[in-house]
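Asker: Structure provided below as structure tokens; questions to follow.
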Amino acid sequence: MKHDRHPSSRSNHSSVSTPVDTPATVLAGHGGKFHIGRIPVLEIAPAIEGGTLPAKATVGEPFPVRATVFRDGHDAFGATAVLRDPDGREFQRVEMVEVLRGLDRYEAWLCPDRPGAWSFVIEGYSDPYRSWLHDAAIKIAGGQDVELMHLEGAKIFRRIATETNLPAKHARWCEQLATDLQACEKTSFERARSQEVLELLARYPLRDFVSPSRPYPLVVHRELAMCGAWYEIFPRSEGAYFDERAGRWISGTFATAAKRLDGIAKMGFNVVYLTPIHPIGTTNRKGRNNTLTALPGDPGSPYGIGAPEGGHDALHPDLGDFDDFAAFVDRAHELGMEVALDLALQCSPDHPWVHDHPEWFSARADGSIAYAENPPKKYQDIYPLNFDRDPEGIYLAIRDVVQMWIDHGVSLFRVDNPHTKPLAFWQRLLAHFHEKHPEVIFLAEAFTRPAMMRTLGAIGFHQSYTYFTWRLNKHELGDYFQEVARETPHLLRPTFWPTTHDILTPYMTDGGASAFAIRAVLAATGSPTWGIYSGYEFIEKTPRPGFEEQLDNEKYEYKPRNWDAPEAAGMTTLLTMLNRIRRDNAALRQLHQITVHPTTSDDILCFSKHIDGAYTPDGKDSTVIVVVNLDPHHTHESLIHLDLAALRPGGLDLPLAVVDEMSGQEFIWGPVPFVRLDPHTQCAHIMKVKYS
């Protein structure tokens, strides 16, 4: 039977043929009762903790479901994936295909159309048509039981005509074929095994002993939870200036920061992310470049949250009031952007919580409150909350803070260091907001152990920062791109950031402008969500000695930038181009479907992304081939060995017409094209495949 294993498989709505098997065999196990149906369906994915937690899916993005399906004896069998909407109704039914030959591993692709709590079921079944076809082909060719085989075929096709949801014209055709088979009409058997019949029954199979799995939960989020372009700013830097007369810095405000929004929107970013905007403590305030003593006028780190003016529920008075913040949010919305806010759950020594709830913090043996440490790093200006001391009080306070910012128009939260807080706290908090505000998105800033990162995603974080920043060579990048797309997307949606306000890798420092261009291309095309820290346009690459972070770090000082300066023009053009290419190519806005193609140079990475036209806005297949020179210093040449099946499942005509979305040049490629990339002129090709 012909199957299409890729997401181009269309759904169908064939009825469940009788008899239906309800799981009858029960084995007692440590986890309770385990049911085996007549046709076993095992090792179902995606499933988190055996299906006790919902796997992630996204509106409009196809995703794979897999199961191991087999049976006793030699009769044919099959499997069907069924997607159920939040009301429990069947939304999509897709026949599964074997993807690991001989290992009974089956796959189908499903695609929800709206947010909510969905589920899917895998149904194993016995396939009487294919069982008959196998036996009949052998016996009729050998002249054995010829009349009997035709009679049994007639019985099968009458069942097909009446027990499946075949369109009327196909049902009549099957009835006629049944009559011809019963009469042993000369061509009837050949018609019964024609390609037309095989394709028809792939969509409308006759199924016996249907053996459903239990439902497996899915949580489906809106598109921005999976695909977006973030731009990070320190609001106080936008419009800040040094007042020569007064001899001090004047902070930027929400009003001056709002003026920057037009430039961010023109580059194609749809999320503006604000570092903390709360009052900053003065006790143990850090000075420039993280020095222990702040000088007069040093603004301190915005992560040292809390002062007499208020804590996490207050605005820094230099930025403006809540009317000013509302105007900022409104302007962002007018420009098609949403506002993300840093949620940093720690306090300066001056935070009201320190005075009102000293029990929320850890005390040292000398009676002092313990400040934050990650030896050898010390953060003397902040106290971490101790979630084991009055967990209910802390939970309610933080819940109220998050709700307050949602009420003021914040729809995304970048959560600082969530891996340093209890998972049970996050699970409860995120569940609350998933129920009350399912549109609100939480990004985990958790550069930590893989198990913690995966678990944060499993319990409710929509997105996560990733190890992309430190994946540099061809093999590291290729393996990592496939890992986040194929192994963990049901747990952890990746975001790719070339730099952050805390991270500047030696690759960026040494590679200069070319490195910044290369990493921007990789981030924008390798992940559906990517982000840029303000100042990326200026190639800010000088590290603080001994640390992988920027010199004159914006965390500790005002850093106004001249956005009209010509040195920012080239990178601004590239960032704008990348967001335009992402907008124009649906393949780059999905996570699951990526293929790494072999190259003959260790400095050239090639990968492609594909999505079927059934899931694109224009109804056309979208395929993009990305080729990147990873060496920021030297030109490299390479042959690319294209995996043609990955570029268009089901077949692809050669030669291949492609257009470079960066340069506009058109090329004709064979199966092994040649590329030459100079990092100082054009570090990459982003090739759109042109289908005839």
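Asker: Once you have all Cα-Cα distances for the stretch 554-684, histogram them in 5 Å bins from zero and send the whole-percent values.
Answerer: With 5 Å bins starting at 0, P(r) equals 2, 9, 15, 19, 19, 14, 8, 6, 4, 2, 1, 0.
Asker: For the stretch 546-595, what does the alpha-carbon gyration tensor say about shape, rounded, prolate or oblate, given a ≥ b ≥ c as the root eigenvalues, a/c under 1.5 as rounded, and a/b over b/c as prolate? Mind dumping the intermediate values first?
Answerer: Values: a/c = 3.41, a/b = 1.69, b/c = 2.03.
Because a/c hits 1.5 or more and a/b fails to exceed b/c, the stretch 546-595 counts as oblate.
Asker: So with the 1.4 Å probe, I'd like the accessible area per residue for the chain, rounded to whole Å². Don't skip to the end; give the middle numbers.
Answerer: Working: 28750 Å² over 692 residues.
I get 42 Å² per residue for this part.
Asker: Could I ask something else about it? According to the Cα gyration tensor, what semi-axes, each the square root of 5 times an eigenvalue, does the equivalent ellipsoid of the stretch 248-386 have, listed from largest to smallest in whole Å? Before the final figure, lay out the partial values.
Answerer: Values: eigenvalues 193, 50, 41 Å².
Equivalent ellipsoid semi-axes, largest first: 31, 16, 14 Å.
Asker: Got a sec? What order do 371, 507, 241, 533 fall in by accessible area at 1.4 Å, biggest, i.e. largest, first? Display every interim value, and only then the final one.
Answerer: Details: 371 65, 507 40, 241 115, 533 5 Å².
Ranking 371, 507, 241, 533 by accessible area, largest first, yields 241, 371, 507, 533.
Asker: Tell me the Kirkwood hydrodynamic radius of the chain in angstroms, computed as one over the mean inverse distance between distinct C-alpha pairs.
Answerer: On the way: mean 1/r = 0.0355 Å⁻¹.
Computed over the chain, the radius equals 28.2 Å.
Asker: Follow-up question, since we're still on this one. Report, ordered by chain and residue number, the lysines lying within cross-link reach of residue 139, taken as a straight Cα distance under 21 Å and ignoring same-chain residues fewer than 8 apart.
Answerer: In chain and number order, the partners are 155, 186.
Asker: Express in whole angstrom the spacing between the alpha-carbon centres of the stretch 57-74 and the stretch 84-126.
Answerer: Each part's Cα centre sits 5 Å from the other's.
Asker: Still on this structure: Using Cα pairs closer than 8 Å and at least 6 residues apart in sequence, work out the relative contact order for the stretch 408-450, in percent. Each step should come with its number before you reach the end.
Answerer: Numbers: 33 pairs, mean separation 27.3, N = 43.
About 64 percent, as a whole number.
Asker: Let me ask you something else. Which lysines, if any, have their Cα less than 23 Å from the Cα of residue 286, not counting same-chain residues under 8 positions apart?
Answerer: 377, 378, 541, 555, 559
Asker: In the chain, carbon and sulfur make up what percent of the accessible area (probe 1.4 Å)? Let's see the in-between values first.
Answerer: Details: 14900 of 28750 Å².
On the chain, the fraction of accessible area on carbon and sulfur atoms equals 52 percent.
Asker: Lys/Arg Cβ at +1, Asp/Glu Cβ at -1, dipole of the stretch 381-421 taken about the Cα centre: which of 413, 386, 403 is farthest positive-ward?
Answerer: 413
Asker: Shape call for the stretch 476-548 from the C-alpha gyration tensor, a ≥ b ≥ c root eigenvalues: rounded (a/c under 1.5), prolate (a/b greater than b/c) or oblate?
Answerer: prolate
Asker: Tell me whether the stretch 91-191 comes out rounded, prolate or oblate; compute the Cα gyration tensor, take square roots of the eigenvalues as a ≥ b ≥ c, and use a/c under 1.5 as the rounded threshold.
Answerer: Details: a/c = 3.61, a/b = 1.78, b/c = 2.03.
Oblate, since a/c reaches 1.5 and b/c is not below a/b.
Asker: From zero up to wherever the largest Cα-Cα distance of the stretch 410-485 sits, split into 5 Å bins and tell me the percent of pairs in each.
Answerer: Here the calculated profile for the stretch 410-485 is 3, 15, 25, 22, 15, 11, 6, 3, 0.
Asker: Please state the relative contact order of the stretch 223-374 as a whole percent: Cα pairs under 8 Å, 6+ residues apart? Don't jump to the answer; show the numbers that get you there.
Answerer: Values: 259 pairs, mean separation 36.5, N = 152.
24 percent.
Asker: In whole percent, what relative contact order does the chain give with Cα contacts below 8 Å and a gap of six or more residues? Could you put the intermediate results ahead of the total?
Answerer: Values: 1479 pairs, mean separation 74.5, N = 692.
Computed value for the chain: 11 percent relative contact order.
Asker: Another question, then. Can you compute the helix-only [θ] at 222 nm over the chain? Use -39500 (n - 2.57) per DSSP H run of at least 4 residues, normalise by all residues, nearest 500 deg cm²/dmol. Spell out each step's value before the answer.
Answerer: Numbers: 15 runs with 182 residues, N = 692.
It lands at -8000 deg cm²/dmol.
Asker: Oh, and also: Give the aspartates and glutamates whose C-alpha is closer than 16 Å to that of residue 436, dropping any in the same chain fewer than 8 places away, or say none.
Answerer: 400, 407
Asker: What is the Cα centroid distance between the stretch 220-260 and the stretch 282-343, reported in whole angstrom?
Answerer: Centre-to-centre distance over Cα atoms comes out at 10 Å.
Asker: Now a separate question. Taking H as built 1.01 Å from N, whose amide H comes closer than 5 Å to the amide H of residue 385, not counting residues under 5 places away?
Answerer: 347
Asker: Continuing with the same structure: Hey, what's the per residue convex hull volume over the C-alpha atoms of the stretch 360-467, in cubic angstrom?
Answerer: Working: hull volume 13.4 nm³, N = 108.
Dividing the Cα hull volume of the stretch 360-467 by its residues yields 124 Å³.
Asker: Just need log10 I(q)/I(0) for the stretch 122-164 at q = 0.18, 0.24, 0.34 Å⁻¹, Debye formula, equal scatterers on the alpha-carbon atoms, no solvent, rounded to two decimals.
Answerer: -0.55, -0.81, -1.15
Asker: Rounded to the nearest Å, what's the spacing between the alpha carbon centres of the stretch 364-402 and the stretch 438-510? Just the number, please.
Answerer: Taking the Cα centre of each part, the stretch 364-402 and the stretch 438-510 sit 26 Å apart.
Asker: Out of every Cα pair in the stretch 109-256, what percent are spaced more than 28 Å from each other? Don't skip to the end; give the middle numbers.
Answerer: Numbers: 5712 of 10878 pairs.
Counting pairs separated by more than 28 Å, the tail of P(r) holds 53 percent.
Asker: Right, another one. If you split all Cα-Cα distances of the stretch 254-322 into 5 Å bins from zero, what percentages do you get per bin, shortest first?
Answerer: So the P(r) values, bin by bin, are 3, 16, 21, 19, 17, 13, 8, 3, 0.
Asker: With the Cα gyration tensor of the stretch 488-591 in hand, give its eigenvalues times 5 under a square root as the equivalent ellipsoid semi-axes, listed largest first in whole angstrom.
Answerer: Values: eigenvalues 124, 62, 28 Å².
With the √(5λ) rule applied to the stretch 488-591, the semi-axes are 25, 18, 12 Å.
The values are calculated or read from the model by the stated rules, or taken from the named source; none is laboratory data. The structure presented is a predicted model; accordingly, all values stated were derived computationally and were not measured. Please note: Cβ atoms are built from the backbone with ideal geometry, for glycine as well, and neighbour counts cover all protein chains shown. For the accessible areas, the whole protein counts, side chains as well, though only heavy atoms, and no ligand, DNA or RNA atoms are used. Shrake-Rupley method; radii C 1.70, N 1.55, O 1.52, S 1.80 Å.
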